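The values are calculated or read from the model by the stated rules, or taken from the named source; none is laboratory data. The structure displayed is predicted, hence computed values, not measured ones. Using ideal geometry, Cβ is built from the backbone for each residue, glycine included, and neighbour counts are taken over all protein chains shown. With ligands, DNA and RNA removed, areas are computed over all heavy atoms of the protein, side chains included. Shrake-Rupley method; radii C 1.70, N 1.55, O 1.52, S 1.80 Å.
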Amino acid sequence: MTDAAPGKLVYPFPEPPAHGEATEVADGILWLRLPLPMALDHVNVYALDDGDSWTVVDTGFASRKSRGVWEAAMAGPLGGKPVARVLVTHHHPDHIGLAGWFQADHGAELVTTRTAWLFARMLQLDEQDRPLPETVAYWRACGMAPDILTQRMNERPFNFADMLAPMPLGFTRIREGDTFRAGGRDWDVRIGNGHAPEHATLWSRDGELVIAGDQLLPSISPNIGTYATEPEADPVSEWLEACERLSAFATPGQLVLPGHKLPFTGLPLRMRQLIENHHGALRRLERHLDTPATAADCFQPLFLREIRAGEYGLALVEAMAHCLHLWHVGRATREVTGEGAWMWQTIR
Ligand SMILES: [Zn+2]
């Protein structure tokens with residue numbers, strides 16, 4: 001794998017494993033897939049062979065289907081050995097969803113960052129039948145289309161509790177600079193940000209493997225969103241900072257094991273792309289905002305394609321994050337309308 005050209009991404013395993021099956025991507029490292037009920041229809045998880053047990057990285061949504069896939073995998077490619085540890089890269093439900101199930105039903109230890117654990121457990125307890133007033137105000141601030149706003153105000157919102165197995169109290173913390181032993185290797189823990197706060201990535205000391213979660217994805221750009229929990233957050237800055245910092249550790253030969261899509265080599269190039277994607281989007285946004293607009297009116301310059309109904313929410317928080325970034329760095333002003341929407345305008 002070390003002969004991968006520095007100038008392109010290579011996918012050494014072009015066929016993903018079927019549900020309940022596994023592909024060995026390196027000595028003692030299995031790649032498995034779980035289904036997701038959305039446009040992005042899968043999440044990658046990895047099982048690291050610890051001899052008499054497994055460490056599993058990420059878990060999939062909590063659903064009967066996911067549990068069935070895991071049970072098939074444990075009886076099949078995992079050979080009936082117990083899952084003793086679950087390492088979770090970040091707090092999003094497709095990654096942490098079944099962590100509580102592994103803890104409660106399988107006696108596994110949960111290993112993750114403090115922020116990931118706090119966020120997941122906090123959001124799990126924050127169950128709502130209708131959106132909170134703060135969430136509605138935030139949607140208005142984004143300039144959400146009135147018909148979508150009315151519909152969302154009258155339906156059950158996205159709830160973490162619907163996607164997560166109950167999380168028992170307690171976890172083991174990993175943080176920047178830690179070394180973690182699993183799968184017969186020592187891994188350096190390096191922390192990313194921007195897609196999710198305090199997102200763990202693992203870099204094998206032998207220089208061969210990177211367990212990337214959603215911090216380093218091939219072929220799709222991770223969603224960078226600002227949410228009602230922190231409505232003035234600037235995750236684009238955090239994303240760019242993390243990409244620049246992690247780039248220093250990237251080599252062309254590392255096999256990257258991402259949270260979605262396919263394992264790949266060519267990380268230095270991919271990091272440059274992940275950074276440049278946002279600089280390009282910000283330049284287009286800046287031109288677009290010569291005429292004042294809300295975040296909801298910025299989809300075309302940012303995404304360069306039609307946004308379908310199922311993607312509207314993610315597109316909206318991503319558009320807001322980019323408008324906020326221009327404002328935070330002094331490239332745009334904002335003014336609130338009578339309806340509570342922020343109108344952004346480029347400073348010329
Ligand atoms: Zn994900």
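Just a few scattered comments:
- The number of residues in the stretch 225-265 being aromatic (Phe, Trp, Tyr), within 16 Å of the ligand (Cβ to nearest atom) and either part of a loop (DSSP other than H, G, I, E, B) or open to solvent by 10 Å² or more (accessible area, probe 1.4 Å) (or both) comes to 1.
- Output for the stretch 65-123, where each listed residue is under 20 Å from residue 159 (Cβ atoms), in contact with a helix residue (DSSP H, G or I) (Cβ under 8 Å, 6 or more places away or on another chain) and of a type in the set (D, E, K, R): 67
- Restricting attention to the stretch 143-173, the residues that are without any contact (Cβ under 8 Å) to a residue 40 or more places away in the chain and within 17 Å of residue 107 (Cα to Cα) total 1.
- Filtering the stretch 127-148 to residues that are over 22 Å from residue 322 (Cβ atoms) and either in a loop (DSSP other than H, G, I, E, B) or hydroxyl-bearing (Ser, Thr, Tyr) (or both) leaves 127, 128, 129, 130, 131, 132.
- Pairs linking a residue in the stretch 326-348 that is touching a residue at least 24 places away in the same chain (Cβ under 8 Å) to a residue that is open to solvent by 40 Å² or more (accessible area, probe 1.4 Å) and in a helix (DSSP H, G or I), with Cβ atoms under 8 Å and 6 or more positions apart or on different chains, are 328/237; 329/237; 339/140; 340/137; 340/140; 341/140; 344/327; 346/287.
- Restricting the stretch 149-191 to residues that are of a type in the set (Lys, Arg) and either under 27 Å from residue 238 (Cβ atoms) or not in a loop (DSSP other than H, G, I, E, B) (or both), the residue that is nearest to the chain's Cα centre (by Cα) is 190.
- The set of residues in the stretch 19-53 being within 13 Å of residue 257 (Cβ to Cβ) and either within 16 Å of the ligand (Cβ to nearest atom) or touching a His at 6+ places or on another chain (Cβ under 7 Å) (or both) consists of 31, 32, 33, 43, 44, 45, 46.
- Test: residue 196 is part of a loop (DSSP other than H, G, I, E, B), open to solvent by less than 40 Å² (accessible area, probe 1.4 Å) and more than 14 Å from the ligand (Cβ to nearest atom): no
- Selection from the stretch 80-107 of residues that are assigned to a loop (DSSP other than H, G, I, E, B) and either buried (at least 23 other Cβ atoms within 10 Å of the Cβ) or modelled with pLDDT under 95 (or both): 80, 88, 89, 90, 91, 92, 97, 98
- A search for C-beta distances below 8 Å between a residue of the stretch 246-274 that is more than 26 Å from residue 17 (Cβ to Cβ) and any residue that is within 16 Å of the ligand (Cβ to nearest atom), counting only pairs 6+ apart in sequence or on different chains, returns 246/192; 246/201; 246/215; 246/216; 271/216.
- Tally, over the stretch 242-269, of residues that are within 16 Å of the chain's Cα centre (by Cα) and of a type in the set (D, E, K, R): 1
- Which numbered condition residue 75 misses (of (1) surrounded by fewer than 20 Cβ atoms within 10 Å (Cβ to Cβ); (2) under 23 Å from the mean Cα position of the chain (by Cα); (3) more than 16 Å from the ligand (Cβ to nearest atom)): (2)
- You will find that of 185, 190, 173, 181, the residue that is more than 16 Å from the ligand (Cβ to nearest atom), open to solvent by 10 Å² or more (accessible area, probe 1.4 Å) and within 23 Å of residue 269 (Cβ to Cβ) is 190 and no other.
- Check on residue 137, more than 15 Å from the ligand (Cβ to nearest atom), of a type in the set (A, V, I, L, M) and more than 26 Å from residue 318 (Cβ to Cβ): no
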